[in-house]
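Below is one structure, written out as structure tokens; comments come after it.
Every read-out reported here was derived from the displayed coordinates using simple, explicitly stated rules and does not represent laboratory data. From a predicted model like this one, the values you see are computed outputs, not experimental measurements. In this analysis, Cβ positions are derived from the backbone assuming ideal geometry, glycine residues included, and neighbour counts consider all displayed protein chains.
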Amino acid sequence: MPWAGGFSAIDRKPLKPEVDIMTTKGILEIRNLGKAFPANGRKGSLQALDGINLSIRPGEFVSIVGGSGCGKSTLLRLISGLDDEFQGEISIGGAPVRGTSLDRGIVFQDLRLLPWLTAEANIALALENSGLSKADKRQAVAEHLKLVGLEKFAQAYPHQLSGGMSQRVAIARGLVNRPGLLLLDEPFGALDALTRSRLQAELERIWREEGITMILVTHDVEEAVFLGDRVIVMEPGPGRIRRELRIPLPRPRRRSDPRFLEIKEDILREFTGPETAEAESLEPAGRPLAEARLDWAA
Amino acid sequence: MTFPMLQKSLHKRRGSAGAEIRRWLWKSILPASILAFWALATRFHWVDRKIWASPAQVWQATLGLNRDGFLWLALGESLLRDLAGFLLGAAAGLAAGGVLGWSPWAYRLGAPTLHFLKAIAIFAWIPLLTMVFGIGEASKIVFIALAAFYPAALNTLEGIRSVPKSQLELARAYRLDPWQRLRKVILPSALPSILTGVQVALILTWLATVGVEYFMSAGPSVGGILLNGAESFHLEIVFIGIILLGSVGFALNQGAHALGRRLLRHRPQTLKA
Amino acid sequence: MSRSALASGSSIRFSPRPFAAGRAPAPVRILAGLVLPSALLLLWHNASTRGWAPPQILPAPAVAWSSFLDLLASGDLRTHVQASLIRVLISFALGSAAGLALGLAMGLSRRLDDLFGAVFHGINQVPTLGWLPVLIVVVGINDRLTHILIAQAVFVSVAINTQRGIRQVPERLVEVARAYRLSRTQSLRKVVLPAAVPQIFTGIRFGLANGWASLVVVELLVGSEGLGYLMSWGRQAFQLDLVLVAIVAVGIIGWILDAGLARLEGTFTAWRTGEAAA
Ligand SMILES: Nc1ncnc2c1ncn2[C@@H]1O[C@H](COP(=O)(O)OP(=O)(O)O)[C@@H](O)[C@H]1O
Ligand SMILES: [Mg+2]
């Protein structure tokens, strides 16, 4: 465990220039949002999202769960401003979202590390236009490498990192410029159980201390309940919100808390029916155990 | 300067009908001005009229040259020669590449020599070939075959050698015999690379055909037309040769890619048109 | 045709290490690699000493070797190699610089791509060999012809591959640049150019190989020095030994030129894994 005990080294620092605060604050309002993709080959189109209404207060932590293909990633892309073609409205503090902003960070489901940059340089990419001095940038990058336990791999290229390590780099890149709103697309999918629960705790700490609004997409119901103020359950074809529930449990939450378990089972029943509600997650973790172990050894 | 990639994703850039027409006009500016300049320059003698033919003269020359179907005859001769060399060279290349790819020892023995021979610019063989085989048809076909041989051999070799190890292990786990291994694992996996080799061979042989006709006089042929044009200082004849050269090449290329796409239609696109 | 397919990286494989073979230890590899050339040499030796072929057609290996030593001692070989190398390097520098410029312009700007595209792709349909007679008529038979012809060969290959390399930068990585609001220069430096470098190098390497091959063609036909000329002269004088020496020299120099570029490419793409990189 190379990074045990090193977390508190990251102090709260005003990483963001003050100007960004304006866009951070204000309610994220999604109204009647729809998104259609031109369908492959055939005429017509594929409705990936339909009639999504959602309103998220500043500083809220919202988890989104749902099986694959129900439009979770599409929704995050629209909020991030990477894709401007949709029906309906997305606004923050009353101002419609147009294009990307440094104040809206995203951790991509497919990581998207640049293969020609080292882990360190990949993280530093997020600070290119942050307005920080060189020294501050270097320090922020070093701290976040430490946060994800990769200080020894600062100089490694993505192809030299395991899947789990790459994912940690992507998380560090998402966090490093402290956006007001952070969109996380299955950020812990490829991690072994120990690293995963550590980083969940870290994420919660950063969220609590910095007041960042977070939207976390996950297929792990337990994770959704553990972290979210609210859990949004989505359904496919077309992607809609099936159910929304508040998690009234105090933090820090305990996974063995009976109320926690009850909520979890309640959500799982949405997918599996009552008999099989013991199933922990909606999708397989998608990664062989052997690799996870290797990852841990590193 | 626009920077398209940083704006929207690629498939969204279809504009209105008006924009499409403007774009089409914009595209034709340069070709149109070149044609216009050519016509004007020859009309008003801005260029040496002894060398530069006018567009009309090129057309006249084409008709004149083709009076007895000469162009078709030349084209046929060249294509036939190309085909013979291609079949010979591609077959030899596939066989050699197959052996070198299949057997690690054959690879160790043969691959360095093959790589070195490939590094020799192909036309450098012409003097040697003419000394050994003379300047007859045999010499020409051997040269064309040589042009087909390298790409066919090297791509087959690479294709077989880069069959993923995981797939070979799978074959071992299910105890496939060598013949099954070849049919079910190696060939399907190497096929895209082999086809690429054959395509490149097809294209290179056309180049080699015209080139060899250039070096060894060949009667009516595309290379012969080019050579005659240059020797008699008739640029219009040269242009006719170039158009033949380019259009056959274009057709071969399109044909080879269409064939490749057909053969690989079950797979994600590996061959790009 | 001709070049449009070849100049694309998809069809020609430039291995990162041209002579890499198997996993056997280096001495074994080298020895094994020498077996076939030695066998050929032995065959050649027997063929000439036992009179399987008349000596004016097939001189003994020893004769070829001594011609090589003569050419070396007299400085003739050096003169010819130098002449060829200088020609190819000058044209390569001009052609690749121009090709890089046009390729970048056409890759980065759709308007410029549209403007030049038709003429450029038209020119690209005609292989280098096709331009030779045109240049003979228009420029005459001289060094200028050689330079133009080879520079053109390099230019087309570099321009096409640069343009293609830039166009093929994965959208998902370009989106990273957008998400972090990189400026045009920043995205060019951090995302677009690094992603295009392998393809650009494919173009440069193919261009140089093609230029070197074209040079031999030109020298075979015209000129009074250079390796191609040496060959053509050897053929006319029925001295196969000279032809062989020149062939081997063409091969070795062609290989060295490519290996040099491969090494340069390696320094630019150190981030890739040794063999199959994404
Ligand atoms: N770029 C795209 N083009 C066409 N269809 C897409 C595209 N992106 C996503 N889709 C489709 O939209 C639906 C939702 O996809 P996605 O948002 O990735 O789901 P999730 O993240 O929940 O697994 C899927 O059916 C998917 O095939
Ligand atoms: Mg997704």
### Task
Treating cross-link reach as a plain straight distance, find the aspartates and glutamates whose alpha-carbon is under 17 Å from the alpha-carbon of B:Lys27, omitting any fewer than eight places away in the same chain.
C:Asp113, C:Asp114
### Task
For chain C, find the longest principal axis of its Cα atoms and tell me its angle to the long axis of helix C:61-74, 0 to 90°, nearest 10.
70
### Query
What dipole magnitude, in Debye to the nearest 20, does chain B give about its Cα centre under +1 on Lys/Arg Cβ and -1 on Asp/Glu Cβ?
1660
### Karplus (6.51, -1.76, 1.60) ³J(HN,Hα), θ = phi - 60°, over segment B:213-227, in Hz, Gly and Pro reported as x
5, 5, 7, 10, 3, 9, x, x, 5, 5, x, x, 4, 4, 5
### Query
Ignoring the sites themselves, what is the longest stretch of chain C with no chymotrypsin sites (Phe, Trp or Tyr not before Pro) in a DSSP loop and at most 15 other beta-carbon atoms within 10 Å?
C:53-237
### Query
Based on the Kirkwood radius over alpha-carbon pairs, what value in µm²/s does the Stokes-Einstein equation return for the translational diffusion coefficient of segment C:209-261 at 25 °C and 0.890 mPa s?
219
### Query
Using the alpha-carbon atoms, what tilt in degrees (0 to 90, nearest 10) does helix C:143-167 show relative to the longest principal axis of chain C?
40
### Query
Can you list the residues, at least 5 places off or on another chain, whose amide H is less than 5 Å from the amide H of A:Ile106, using H built in the peptide plane?
A:Leu183
### Query
Among the trypsin sites (Lys or Arg not before Pro) within segment A:215-276, which fall in a DSSP loop and have no more than 13 other Cβ atoms within 10 Å of their own Cβ?
A:Arg254, A:Arg255
### Query
Can you pick out the pairs among A:Lys146/A:Lys264; B:Lys118/B:Lys140; A:Lys152/C:Lys190; A:Lys146/C:Lys190; A:Lys35/C:Lys190; A:Lys134/C:Lys190 whose Cα atoms lie more than 29 Å from each other?
A:Lys146/A:Lys264; A:Lys35/C:Lys190
### Query
When the gyration tensor of the protein assembly as shown is built from Cα positions, what are the square roots of 5 times its three eigenvalues, in whole Å, from largest to smallest?
60, 32, 25
### Query
Roughly how many debye, to the nearest 20, is the charge dipole of segment C:60-277 about its Cα centre, given +1 on each Lys and Arg Cβ, -1 on each Asp and Glu Cβ, and no other charges?
1140
### Within straight-line cross-link reach of A:Lys137, aspartates and glutamates at Cα separation under 16 Å, skipping those fewer than 8 residues along the same chain
A:Asp11, A:Glu120, A:Glu128, A:Glu151
### Query
So what are the radius of gyration and Dmax for the Cα set of segment C:60-277, in Å?
20.8, 69
### Query
Between B:Arg67 and B:Ile51, what length comes free when the chain is fully extended (0.36 nm per residue of separation minus the Cα-Cα distance, one decimal in nm)?
3.5 nm
### Query
Nearest 10 degrees, 0 to 90: what angle lies between the long axis of helix B:70-102 and the longest principal axis of chain B (Cα atoms)?
20
